[in-house]
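Read the figures in this text as sums done on the coordinates, not as results from a lab. None of the values given here were measured: they were computed from a predicted structure. Counting neighbours? That spans all protein chains shown, and the Cβs are built from the backbone with ideal geometry, glycine included.
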Amino acid sequence: MTFKYNNPSHSKKVVSAVLAGMMALSAGGAAMAAESTDTGQGQTATASNTAAPTGLFSDIKAGYWAEKHVYKLAYQGILLGNNGLFRPGDAVTQQEAVTMAIRFMSKENQLNDSTATALPTNMEVGNYFKPYVALALQLGLIDKTEESTVDVSKTSWGQKPASREWITKLLIRSLNKDAEAKAQNNQSTGFADNDSISESGKGYINLAVSLDLAKGVDGNKFNPTGSVTRAQLATFFSRGETLTDMKYPNTSTGYVTGLKDGQITLVVDGKAVNFAVNSSTPYFTKDSESRASSADVKLYTKVQVVGTTGTASYVEVIDATPQVESVEGTFARSLSGNKIGLFVGENYETYSYDEATAFMDQNGNPIKLSDITIDSTIEVQRETFSADKKTVVIRVKSGIVNKSDSGVVTEVTTSAKTIKLTNASGTTEQYTYNDNLIIRYQDRILSLAELKAGSAVKYTVKDSILQTIELSQGVEQSLRGTLVEIGGNQSTLTFKREGGSLEAKLLVEKPEVIINGIQDATLSDLITDATNGDQVELTLNSEDRVTRIQVIGRQMEPMNGVSVVSYNSKTKVLTVLDSNKKPFVFTLDDKTKLDYNTTKPTLAGLESLLNDGRKLDLTYVGTRALSVKVIYKYEGTINSIDTSGRKISLLSGNQTITVPYSTVPTIEIYNKSGASLSDLKIGDSVTVTLGSNQDYVQKVALNTVAQFEVVSVETNGRVRVKSDSLTSQFYVDQAVLTGESGQTITASQLTAGNLINVTFEGTTPKAVQVVKRTLAEVTSVDASSVTLKLFNGQSETVPVSGAVKVVKSGSTLTTLGSLTVGDRVEMTKDTDNSTRFRVLTVMSKQFWSYDGVGNQILVKRESTSDTNYRFALGTGAFVHQGDNTLSVQSLKDNDNIVLYLLNNVVLEIQKQ
């Protein structure tokens, strides 16, 4: 919300704050009110002299749009609670609004119980409110003649909901602008519903308009009889405070001169005041409605603290600009009388300091004045919020450091060639280094990459440059080499390091083994050989034990399409002929990877197939067979289908393979029953499965990719999915599953709502890839990119090249130009890798209720025949008002909301 201050007068500034939100309630507006207790007479009354709350209202959750304003006024005692509740969405009553105004003006000291009996007979209010209303009549905040004409036949004057017009009068009168408002009563307001505004109210609204503050609702209407909520009015007064000279006894505004654990020190009216803070202290900034953190409070900035007995209950940064000025010069000498001399340019100047002045080195660590050497470059910082301009910091910007110390490495920045350390005294230092830096652990020289944050070290500095770093204890490090041997008890590992030397390392009990393509790999899956062993990267812990072994390269050789000559089951020796009829002999062992037409291959099962002439693919190192695959299928693209000659030709890799069939093979295509050869075409990707003797085609499975939304996942690996409102199911226990970033996942890591691309071999899922879904609002679009505002508030510009699909209003379009600023979209990648935007359906409704059991919202029907009033909420549905995130439980009956739906599921709710 933007405020414009066109008049320097105090009263107009306050009008700016308190009316801006009220006149534009559709934009999220303003706030209110005093909390209440039961009077025992069927009415509610604001609790008398109740202390500001020490905890949060249970119905004001963190992130609520008016949280900042409600709690500031609550801790100031301007509004109070009732049994831990605030009831932010309730309409403000007239007696509550009057009470709020009196408290805001700090006029409670003028209350007089005896005058309350003089209220007009038609102005019935709760007993507690009578002195407030009587004082408001005396101060002219409400007009006795006007109120005498109010209809109180349905509800008492005090319980009557305060209207927008009535609140306008109350607030402007509280600013002593009554006469100025009345002078404009003979002018039209310019709103479409001007005739609905009372003659006595037009001047007050005109005053707001003349200040460029009044913002009408939809249709250029003012809606004078519309109600104001408690949260809205609380926000009016809270914002008004920053523009008044009003003083509250438990509110201090000053400049931060001290920050340390558990305490903030402010200079308030020339005096230092300490406030205790803790992890539950709420922090805010002037320009944001959202919570800030203690880190947002900086030295010498202007801050407001609400609290009593030296404890901060609320902290708000009023001006984040540090109120200091800096002078830089060359240190000359220390002078008597707490002064220093320095040369600033060609001038010699002196500066005073006192016991509160901080002396720091170039790393921000405390030092003594005696530590500063002559000719050091120093910076003198002086505060500017007092006439004394006291020196707050004297900082050494550059000086020569020669030292030896011990500490802990906190940060290594290779781009700037700097290392940050926390020394033995607990202070942080930063030094540069050069290529001559020596880093060692015991008798081993380490590389800079092996120096990690958290390492305990001893170090030497000469001429401000790090010379040596010696690790006091081991750190996690990485080494690369060729795997030579795993010890018989699997407790040791021998490898040939890059550079040629053999080294042995101890293994932790269960080291992690990473081999691409092998899930849950173990030590037995590694290839050890002095010449052709796995190329590995070893991760060693601080005790120099191997915790992780990652295979980064293998020297194995492939041999495809060989024919079995013989196999000896006792010696495990396999003799084969390659395509040139050249014989080769290999030995199988318990580490050989086996593959034939079964889901659980065994060596015994393979041996029964290794008869003369059987076709195999294998890989080997020397004479050791690493993998043996009985060829039972070919994968490739169809080159030709010869129905008369009964053969199918495939292009598989770089070779053409022709396989015959005797009878028409089974054709398997996902989501198509009774498929035949005629359903296949040249260029299709297929998997051809052979018969038991490898001499004919038994089945042809079309390889396809389909996209689904996950409905549920069962423990047996069965996944229920839907596509275009149709539900189906399949098993993924034998498929390769990967997440959004390509990482390996398990079926149990799939969740309802995931979008997945499933690669089918016929009807069998072979691979499942989770598709990244981005839900956002389009903020700009051109021919080659889209800028999106994500639900977390961040902005992202997405370049789009290649094919694009925009699904909007039931049509699929192929240009970004069909997107419109303000569209809510789901951005994904389609199965053909094209970028797809699905535009969400928009509905404007009135909220009715939330069904927590069914996770649905119900909206008001537009007619008795309207059956479209119940909507399912999507997982993590975004509920908000403007930039403020809400909970669905915070929505109230009759709230105007906009729904954004995809496949009839609500993904976003925007409260108006």
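Computed values, structure above
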quantity: Cβ-derived FRET efficiency at R0 22 Å, Ser649 paired with Ser579, nearest 0.05; calculated: 0.75
quantity: HN-Hα J in Hz across the range 880-888 - Karplus 6.51, -1.76, 1.60, θ = phi - 60°, x for Gly and Pro; calculated: 7, 10, x, 9, 9, 6, 10, 9, 5
quantity: Longest to shortest principal axis, alpha-carbon extents of the chain, angstrom; calculated: 117, 90, 52
quantity: Alpha-carbon radius of gyration plus Dmax, which is the widest Cα pair, for the range 681-825 in Å; calculated: 19.2, 63
quantity: Between helix 94-104 and the chain: long-axis angle, C-alpha atoms, 0 to 90°, nearest 10; calculated: 90
quantity: Value of Rg to Rh for the range 674-735 (Rh from inverse mean 1/r over Cα pairs, i.e. Kirkwood); calculated: 1.08
quantity: Largest-first principal axis extents, alpha carbons of the range 251-319, Å; calculated: 30, 22, 20
quantity: All lysines inside 22 Å of Lys72 as judged from Cα atoms, apart from same-chain residues fewer than 8 positions distant; calculated: Lys13, Lys61, Lys107, Lys247, Lys286, Lys298, Lys302
quantity: Residue-count net charge about Thr492 - beta-carbon cut-off 15 Å; Lys, Arg +1, Asp, Glu -1; calculated: -1
quantity: Dipole of the chain, positive end: most advanced residue of Thr575, Gly307, Leu479 [Cβ charges, Cα centre]; calculated: Thr575
quantity: DSSP-defined antiparallel bridges as percent of all bridges, the range 251-319, nearest 5; calculated: 85
quantity: Convex hull volume per residue for the range 324-398, taking Cα atoms only, in Å³; calculated: 89
quantity: Over the chain, relative contact order from alpha-carbon pairs under 8 Å, at least 6 apart, %; calculated: 6
quantity: Whole-percent pair-distance distribution, where bins are 10 Å wide, for the alpha carbons of the range 774-839; calculated: 23, 62, 15, 0
quantity: Protection proxy ranking of 154-160, 808-814, 607-613 - average other beta-carbon atoms within 10 Å, highest first; calculated: 154-160, 607-613, 808-814
quantity: Whichever aspartates and glutamates have a C-alpha closer than 15 Å to that of Lys789, once near sequence neighbours (fewer than 8 apart) are set aside; calculated: Glu777, Asp823, Glu826, Asp883, Glu908
quantity: Mean Cβ count within 10 Å, highest first, over the residues of peptides 423-433, 876-886; calculated: 876-886, 423-433
quantity: For the range 477-553, convex hull of alpha carbons as volume per residue, Å³; calculated: 84
quantity: Estimated FRET transfer efficiency when R0 is 25 angstrom, pair Ser200-Ser227 (beta carbons, to 0.05); calculated: 0.80
quantity: 5 angstrom amide H check on Asp895, placed H, neighbours 5+ away; calculated: Phe847
quantity: Relative frequency of Cα-Cα separations exceeding 22 Å in the range 549-636, percent; calculated: 22
quantity: Proximal lysines relative to Lys154, as straight alpha-carbon distance under 27 Å, when same-chain residues fewer than 8 apart are discounted; calculated: Lys130, Lys144, Lys169, Lys202, Lys221, Lys860, Lys892
quantity: Nonlocal amide H pairs with Leu840, under 5 Å, H built at 1.01 Å; calculated: Arg824, Val825, Glu826
quantity: Peptides ranked, highest mean first, by Cβ atoms within 10 Å: ranges 631-637, 300-306; calculated: 300-306, 631-637
quantity: 0 to 90° range, to nearest 10: angle between helix 230-241 axis and the chain longest Cα axis; calculated: 70
quantity: Note, ³J(HN,Hα) from phi for the range 63-78, Karplus 6.51, -1.76, 1.60, rounded to Hz, x at Gly and Pro; calculated: x, 4, 4, 9, 3, 4, 6, 4, 6, 4, 5, 5, 5, 7, x, 6
quantity: Rounded to 10°, Cα long-axis angle of helix 10-20 versus longest principal axis of the chain; calculated: 40
quantity: Beta bridge orientation in the chain: antiparallel %, DSSP, nearest 5; calculated: 85
quantity: Range of Cα positions in the range 841-911 per principal axis (Å), largest first; calculated: 35, 25, 24
quantity: Rg/Rh ratio calculated on Cα atoms of the range 403-471 (Kirkwood radius); calculated: 0.91
quantity: The range 754-912: relative contact order in percent, alpha carbon pairs under 8 Å with at least 6 residues between; calculated: 16
quantity: Amide hydrogen neighbours beyond the local backbone of Ser785, cut-off 5 Å, H modeled; calculated: Val800
quantity: Charged-residue dipole, Cβ positions (Lys, Arg, Asp, Glu), the chain about Cα centre, Debye nearest 20; calculated: 840
quantity: Antiparallel bridges, percent of DSSP beta bridges restricted to the range 632-772 (to nearest 5); calculated: 90
